[in-house]
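The values are calculated or read from the model by the stated rules, or taken from the named source; none is laboratory data. Given the structure is predicted, the values throughout are model-derived calculations rather than measurements. Don't worry about glycine lacking a Cβ; one is built from the backbone with ideal geometry, like all the others, and counts go over all protein chains shown. Remember, those area values only see protein heavy atoms, side chains included, never the ligands or the DNA or RNA. Shrake-Rupley method; radii C 1.70, N 1.55, O 1.52, S 1.80 Å.
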Amino acid sequence: MASRDDIMIEITPQVLLKAYSCGIFPMAESANDPALYWIEPQHRGILPLDQMHVPRRLKRTIRSTAFEVRVDSDFNGVVEGCAASRPGRRSTWINSRIRQLYHDLFDLGHCHTVEVWDQGNLIGGLYGVALGGAFFGESMFSTERDVSKIALVHLAGRLIAGGFVLLDTQFVTDHLRQFGTTEVGRGEFQLRLEEALKVPADFNRLPGDATPEEILFQIDTVGADD
């Protein structure tokens, strides 16, 4: 279900958090459209953190890569990367209102980034919203092979360590399905969300410079076998 907001109604960070707590999130038709649409999918993608699967090859890449993974160090850079056009997609749903609203949530400590850097250059990452024990993934990008996958694995390890119980991916893609992402109906998602919102969780329980081994240990402790 999608409904277009009245452009005269102010959407504040508090309104946005309330929407997330109800299972609703905003999108724009395009970067040039100032209006937002409230989205509540009939079917929702979730990545069960206690069943996450990381392929062996990716584990080797994560352990051996010289890339640096940072947390919450360049919000604007991540959003810019997510909004950039790329092959197969000329436009983006990230408009100026989206940028400002999520920047406000970032300032309030509710929005977080996981970033992958190569010799001082941001080459990929993701951002999303933390509320209680739920994390709502918003968007990700990469300019090199496996980079967005590395960011997702680091996110999952951090969420597990921090006590999160729900990772909302909004939709299911082939990229996400390989990690165990599945689709649930709106009713089941609402039940999971209600329980997750009761859980106190801490995105920063792991240090910002957590090593690949620390991240993979968290996932291997609770996740699915290869």
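Structure values in brief
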{"item": "Test: residue 91 is part of a loop (DSSP other than H, G, I, E, B), open to solvent by 50 Å² or more (accessible area, probe 1.4 Å), among the polar types (S, T, N, Q) and modelled with pLDDT under 95", "result": "yes"}
{"item": "Checking residue 98 against (1) in a helix (DSSP H, G or I); (2) open to solvent by 40 Å² or more (accessible area, probe 1.4 Å); (3) modelled with pLDDT under 95, the condition it does not meet", "result": "(2)"}
{"item": "Cβ-Cβ under 9 Å pairs, at least 6 apart or on other chains, region 106-126 side more than 20 Å from residue 145 (Cβ to Cβ), far side assigned to a strand (DSSP E or B) and open to solvent by 40 Å² or more (accessible area, probe 1.4 Å)", "result": "113/70"}
{"item": "Number of the exception - residue 124 against (1) under 24 Å from residue 168 (Cβ atoms); (2) part of a loop (DSSP other than H, G, I, E, B)", "result": "(2)"}
{"item": "Candidate set from region 28-67 (those that are over 23 Å from residue 149 (Cα atoms) and of a type in the set (A, V, I, L, M, F, W, C)); member that is surrounded by the fewest Cβ atoms within 10 Å (Cβ to Cβ)", "result": "35"}
{"item": "Residue that is most open to solvent (accessible area, probe 1.4 Å), among those in region 181-208 that are under 14 Å from residue 49 (Cβ atoms) and small (Gly, Ala, Ser)", "result": "201"}
{"item": "Any hit, region 104-121, residues being open to solvent by 20 Å² or more (accessible area, probe 1.4 Å), part of a helix (DSSP H, G or I) and at pLDDT below 95", "result": "no"}
{"item": "Criterion violated by residue 147 - all others in (1) in contact (Cβ under 8 Å) with a residue 60 or more places away in the chain; (2) under 26 Å from residue 13 (Cβ atoms) satisfied", "result": "(2)"}
